[in-house]
1. Exactly one of these conditions fails for B:D28: (1) more than 7 Å from chain A (Cβ to nearest Cβ); (2) charged (D, E, K, R); (3) within 21 Å of A:V101 (Cα to Cα). Give me its number.
2. Which of the residues spanning segment C:61-73 are within 7 Å of chain A (Cβ to nearest Cβ) and polar (S, T, N, Q)?
3. Consider C:F4 carefully, then state whether it is among the aromatic types (F, W, Y), under 24 Å from A:A25 (Cβ atoms) and either more than 7 Å from every other protein chain (Cβ to nearest Cβ) or surrounded by 14 or more Cβ atoms within 10 Å (Cβ to Cβ) (or both).
4. Looking at C:I37, C:I19, can you tell me which residue is out of contact with any helix residue (DSSP H, G or I) (no Cβ under 7 Å at 6 or more places or on another chain) and either modelled with pLDDT under 90 or more than 7 Å from every other protein chain (Cβ to nearest Cβ) (or both)?
5. Condition test on C:L48, is it in contact with a Phe, Trp or Tyr (Cβ under 7 Å, 6 or more places away or on another chain) and either more than 8 Å from chain A (Cβ to nearest Cβ) or of a type in the set (D, E) (or both)?
6. In segment B:62-82, how many residues are over 12 Å from the mean Cα position of the chain (by Cα), closer than 23 Å to B:S10 by Cα and more than 7 Å from every other protein chain (Cβ to nearest Cβ)?
7. Considering segment A:58-106 alone, what residues qualify as being more than 8 Å from chain B (Cβ to nearest Cβ), of a type outside the set (D, E, K, R) and touching an Asp or Glu at 6+ places or on another chain (Cβ under 8 Å)?
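The values are calculated or read from the model by the stated rules, or taken from the named source; none is laboratory data. The model shown is predicted, which means the values in this text are computed figures rather than measured ones. Positions of Cβ are generated from backbone atoms using ideal geometry, with glycine treated the same way; all protein chains shown enter the neighbour counts.
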Amino acid sequence: MIVLEFLAGTLAIVGALLFLSVAIAQFRARDALSRINALGPATALGAPMLVLAVAIGRSLEQGLDWMLWIKTAITIVALVVVSSVASNVLARATCRSDAAVDEATHPNDLRSSQ
Amino acid sequence: MTLAFWVAGSILAAAAMIGIVRVLTARDAATRAVVGDLVFFSCICILALFGARYASSVSVDLALLASILGILATIALARIITRGQR
Amino acid sequence: MHVFRILYWLWYLTAQIVIGSFKVVGLATTGRSRTAIVAYPTRAATDLELTLFTSAITITPGTLVVGVAAATESEGTVVFVHSLFDNDRSSILAGLTELEGHLLRALRNQPVEAT
């Protein structure tokens, strides 16, 4: 039990630190495409870790509940798939709008094809 | 574990505040859309942690619905950025 | 075995996500990034393979699909990929080929010939 409590706490803190580093990386990235790219760790790794930590914590307090674990599994799969599709749509919209791409982006195959 | 959940919630709150500052200092609309997504998921995770602390069963359903339907806000913002083109 | 190939694909994707996440943490601490956009001619034939391939690229932190050019008479489907930590064309293309090879082996249940 103490091992599971330690695991849940570690998962929660590491997931939260991933969110914090992504928030700082939004200042460090130089253009909008890099910022969309740097969002990945938060939604693909940080949020599933936090949801898993919450499920472990609730199971320790109230006993094993299969419905809770099914919901957690659906949440994790949906986070990974949905955030990926959302990033694709947003990146395509950014390219089609007049947002500037950083000058240091080299090679840039989009520029030569237009 | 309770202490770890409180620490994680504080870190997430700090990330959300940094995100709001980034939205205010952003110059293009795409950056605002991305950081808005980040703030949204931070708040969902804070709510899930509070649900574990106070044994509220709604928080798990909330995380499930938010992860499935969170794409709608992003797609709407993407459509606004391109001014209605697909 | 088909099941083992799918499980190996899931393991490979998880490992890539963890490696990329640490690179983004490095970006947050040091502020170092080398961006590039390259065109990758994909071997994915059906819509399902193409959808799973672009989702897998985007979910890996450090690579992002910015657009897909549909297949024409002269050339096949081309995926435009934005890379955050690598601006060497050959190494980006090698990474994408490896990812695509693992995915297609898991989906088709047979070895994928090199092109």
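1. B:D28 satisfies every listed condition except (1).
2. None; the set is empty.
3. no
4. Going through C:I37, C:I19 in turn, just one is out of contact with any helix residue (DSSP H, G or I) (no Cβ under 7 Å at 6 or more places or on another chain) and either modelled with pLDDT under 90 or more than 7 Å from every other protein chain (Cβ to nearest Cβ) (or both): C:I19.
5. no
6. Residues flagged as over 12 Å from the mean Cα position of the chain (by Cα), closer than 23 Å to B:S10 by Cα and more than 7 Å from every other protein chain (Cβ to nearest Cβ) within segment B:62-82 amount to 1.
7. Hits for segment A:58-106 are A:S59, A:V101, A:T105.
Per-residue answers, yes or no, for (1) at negative phi; (2) modelled with pLDDT under 90; (3) touching a His at 6+ places or on another chain (Cβ under 7 Å); (4) not aliphatic (A, V, I, L, M):
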site	(1), (2), (3), (4)
A:G46	yes, no, no, yes
A:A53	yes, no, no, no
A:L60	yes, yes, no, no
A:L90	yes, yes, no, no
A:C95	yes, yes, no, yes
A:A100	yes, yes, no, no
A:H106	yes, yes, no, yes
A:R111	yes, yes, no, yes
